[in-house]
Amino acid sequence: MKTGHAFVATLALASSAAMLCVGMGFGFGAGSPNSTGPTIEGTYMLEYRETSDGKKMMAPEIVGMLSYSKTVRNFNVYWMSDGKPSSISIVAKYTLSDKVYTEDCMYYAQNRDGKGITYETRVAHGVSPVTMKDGEIQFTPSLHGEPMLSINKSGMIATKTGAFTDHWKKMD
């Protein structure tokens with residue numbers, strides 16, 4: 001159960017960091033929110049993952065939550081990979097327009113294939129082009145090799161070509 005405790009501790013730390021950043025209004029160059037552009041605000045829960053070999057993973061084998069406020073993103077996902085725990089946690093400021101998604105990542109933690117947690121707290125800046133298509137906002141966050149995101153009013157599909165497709169439901 002050591003792994004479960006480490007994961008819970010990582011989630012608690014990431015959530016606390018996000019709340020601290022929102023509450024204190026830290027500015028890391030992401031700019032002010034775009035009130036007239038598209039919005040992705042809300043809380044998204046991972047429903048299931050389809051792997052490239054056709055396997056469908058669901059909780060408790062994979063669990064994830066993503067929250068976008070007006071200016072901050074908090075992302076946490078945990079999954080089992082070949083019987084070993086893996087997780088990623090991100091706290092970042094962002095802006096979104098109909099042309100560009102910009103992100104300043106303040107905290108990144110990963111535990112891949114049970115190799116142990118690594119942390120990155122140096123602010124990293126990334127910019128990604130945005131496509132608006134059929135009521136969906138599509139972009140690929142440029143930091144940390146993330147999947148392509150396709151977000152609409154009911155949820156999100158995250159696709160890492162050749163690896164997986166995650167299905168997320170918007171909760172609010």
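Quick check on my filter: what residues within region 133-158 are loosely packed, with under 13 Cβ neighbours inside 10 Å and farther than 18 Å from LYS169 by Cβ? Spell out the reasoning first.
Within region 133-158, the subset loosely packed, with under 13 Cβ neighbours inside 10 Å is 133-135, 145, 153-154.
Result: LYS133, ASP134, GLY145.
Which is more than 19 Å from THR43 (Cα to Cα) and either touching a strand residue (DSSP E or B) at 6+ places or on another chain (Cβ under 8 Å) or surrounded by 19 or more Cβ atoms within 10 Å (Cβ to Cβ) (or both), of VAL77, VAL100? Write out each step before concluding.
Details: VAL77 fails: more than 19 Å from THR43 (Cα to Cα).
Answer to the selection: VAL100.
So which residues in region 45-86 are under 26 Å from VAL123 (Cα atoms), of a type in the set (S, T, N, Q) and either touching a Ser or Thr at 6+ places or on another chain (Cβ under 8 Å) or outside any strand (DSSP E or B) (or both)?
Hits for region 45-86 are SER67, SER69, THR71, ASN74, ASN76.
Does region 123-141 contain at least one residue that is closer than 18 Å to ARG49 by Cβ and among the aliphatic types (A, V, I, L, M)?
The answer is no; no qualifying residue exists.
Between LYS115, LYS93, which is among the basic types (Lys, Arg) and surrounded by fewer than 19 Cβ atoms within 10 Å (Cβ to Cβ)?
When all the criteria are applied, what remains is LYS115.
Under 8 Å by Cβ, and 6 or more places apart or on different chains, what pairs join a residue from region 50-73 that is exposed (fewer than 14 other Cβ atoms within 10 Å of the Cβ) with one that is at pLDDT 95 or above and acidic (Asp, Glu)?
Between residues of region 50-73 that are exposed (fewer than 14 other Cβ atoms within 10 Å of the Cβ) and residues that are at pLDDT 95 or above and acidic (Asp, Glu), the close pairs are LYS56/GLU50; MET58/GLU47.
List pairs: first residue in region 135-147 and over 24 Å from ARG112 (Cβ atoms), second residue at pLDDT 95 or above and not in a strand (DSSP E or B) anywhere in the structure, Cβ distance under 8 angstrom, at least six positions apart or on different chains.
Going by the 8 Å Cβ cut-off, the qualifying pairs are ILE137/ILE40; ILE137/VAL130; GLN138/VAL130.
Here is a list: HIS125, HIS144. Which entry is within 13 Å of the chain's Cα centre (by Cα) and either under 15 Å from VAL77 (Cα atoms) or of a type outside the set (Ser, Thr, Tyr) (or both)?
HIS144
The values are calculated or read from the model by the stated rules, or taken from the named source; none is laboratory data. What you are looking at is a predicted structure, and each value in this text was computed from that prediction instead of being measured. Counting neighbours? That spans all protein chains shown, and the Cβs are built from the backbone with ideal geometry, glycine included.
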